[in-house]
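The values are calculated or read from the model by the stated rules, or taken from the named source; none is laboratory data. Not measured: the values here are computed from a predicted model. Note: ideal-geometry Cβ built from the backbone for every residue, glycine included; neighbour counts use all protein chains shown.
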Amino acid sequence: MQTLESISADRINALFAEVESFTDPDFDGWTRTVFSSPYQEERHWMLRQFKDSGLQNVHVDAAGNIVGVLPGRNPFADPIVLGSHTDTVERGGRFDGVVGVLGALEVVQRFRESGRLLERPLMVIDFFGEEANPFGLTCLGSRSLVGHLAPQDLERINPEGKRLGDTLQAFGMDPSGILGMSTGRPAKWHAYLELHIEQSDSLEKARRDIGVVTAVAGIKRLLARYLGQYDHAGGARMRARKDALLAAASSALVLHEFACGNPGYAVATTTHIDSLQSAQNVVPGKAELRAEVRSTDSAWFTSVDRELTQRVSARAHEFGCDVDLEWFLDNEIVQTNSTLQQNIVDASQSFGLSWMAVPSGATHDSVHISRIAPMGMIFVPSVGGRSHCPEEMTPQRDILNGIRVLEESVRLADKGPLPTL
Ligand code: GLV
Ligand code: MN
Ligand code: MN
């Protein structure tokens, strides 16, 4: 006999199998980067899934977010909103973001089938372009929705020299419409909840079913430009060189060691080092380094750019080079709402699921949505803590646990008093 859980499992499996087919064959794993054809095709498919799950008023908003609503008994009440994303990094996994969107659609089906209407409308959103893109900006859809995309962001240039504004237009979007989203009356939402894979190994190590997210790490990104001296790779004596690439490589270690020195949650990742030359017999006179740092420790996060600027400059000078560091704040540290945290704990306990409080090192659309709504996040375990790679894995049992907790957390938020921002 089919149970509610086995119906959910079958439905979720079928949707995962379909969404996985939208991938760029030029990469291993799963690749649906923002502005790509596989992402465009998947979004058409997703629009249909929103309609098929019984959501009403399904549409794509000016910022490319796919939106639908399950009406509640009181059409005038502020909605409870569920969301995540379905774009991926290159060579990504199957679960990052997708669990949250498909999980939300499953929650909608379960509410419809139970015949018990919520008091409030339940809105579901597949946010546009959450992952970092070559323009260096994460969360395009959620950022725009809360009016946090600035006109100068549209002027950002990718490594091929294209403007973000032009790229959005070529993808069928209207940049002025996106900026206009901030001029209307700001949305008022009762609560925002996001189900996501943990992308780290705390839950697996502690053998817990559910992570109750306490805070999402802040992110600062770095572009460092090194100036040394071009020289002959055969003739220039080692002691006389001003090797800009070596200075950049050494900075990567400075960043790494600085993050390792923090006893709390702090990480630093150098993602690119480039000598900006193709010759193999020239000592690099110029180099660029791109990196990011993240933390939930506000004292560390506040001073990290100042500290690292000083340490990276000192190290560059040891190699006879100058360096110019440009820092960009991607997002501040964001705390989750305490009432929603408690709802997630209560929901987990009502099903006999074990839980623990965890920080999120990954960023999420929830960071931006927290500007307009009380925000909570539910994590389910990632096998080996792996993510942003094809090996990313969350067993079906854990996904179903997450869906049950999400559903119950919605019910509690629907009944409960307004959580405060
Ligand atoms: C997105 O996954 C991020 O944390 O950058
Ligand atoms: Mn994600
Ligand atoms: Mn991601």
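Numerical summary
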item	result
Those residues of the range 345-363 which are free of Cβ contacts under 8 Å to residues at least 24 places away in the same chain and not polar (S, T, N, Q), in sequence order	Gly352
Set Arg411, Arg397, Arg386, Arg404: member being in the same structural domain as Arg143 (by TED's automatic domain parsing) and either polar (S, T, N, Q) or within 15 Å of ligand 1 (Cβ to nearest atom) (or both)	Arg386
Meets criteria (in contact with a strand residue (DSSP E or B) (Cβ under 7 Å, 6 or more places away or on another chain), assigned to a loop (DSSP other than H, G, I, E, B), closer than 29 Å to Pro395 by Cα and aromatic (Phe, Trp, Tyr)) for Phe95	yes
Condition met for Ser144 (assigned to a helix (DSSP H, G or I), away from ligand 1 (no atom under 16 Å from the Cβ), farther than 25 Å from Ile344 by Cβ and touching a residue at least 60 places away in the same chain (Cβ under 8 Å))	yes
Options Phe128, Phe135; residue that is at pLDDT below 95 and touching a helix residue (DSSP H, G or I) at 6+ places or on another chain (Cβ under 6 Å)	Phe135
Search result, residues across the range 228-241 that are outside any loop (DSSP other than H, G, I, E, B) and over 18 Å from Ala279 (Cβ atoms)	Met238, Arg239, Ala240
Some residue of the range 178-187 being modelled with pLDDT of 95 or more, surrounded by 17 or more Cβ atoms within 10 Å (Cβ to Cβ) and assigned by TED's automatic domain parsing to the domain that holds Asn337	no
Test: residue in the range 159-170 that is touching a Phe, Trp or Tyr at 6+ places or on another chain (Cβ under 8 Å) and in a strand (DSSP E or B)	no
Test for Phe128: is it within 26 Å of Thr23 (Cβ to Cβ) and within 16 Å of ligand 3 (Cβ to nearest atom)	yes
Per-region count, the range 266-293, residues among the charged types (D, E, K, R) and surrounded by fewer than 14 Cβ atoms within 10 Å (Cβ to Cβ)	0
Matching option when the condition is more than 16 Å from ligand 2 (Cβ to nearest atom), surrounded by 18 or more Cβ atoms within 10 Å (Cβ to Cβ), polar (S, T, N, Q) and outside any helix (DSSP H, G or I), among Thr23, Thr33	Thr23
Residue check, Gln49 crowded, with 16+ Cβ neighbours inside 10 Å, assigned to a helix (DSSP H, G or I) and in the same structural domain as Glu131 (by TED's automatic domain parsing)	yes
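Yes or no, residue by residue, for (1) surrounded by 15 or more Cβ atoms within 10 Å (Cβ to Cβ); (2) within 15 Å of ligand 2 (Cβ to nearest atom); (3) of a type outside the set (Phe, Trp, Tyr); (4) outside any helix (DSSP H, G or I):
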position	(1), (2), (3), (4)
Leu325	yes, no, yes, yes
Gln341	yes, no, yes, no
Ala362	yes, yes, yes, yes
Arg371	yes, no, yes, yes
Met377	yes, yes, yes, yes
His388	yes, yes, yes, yes
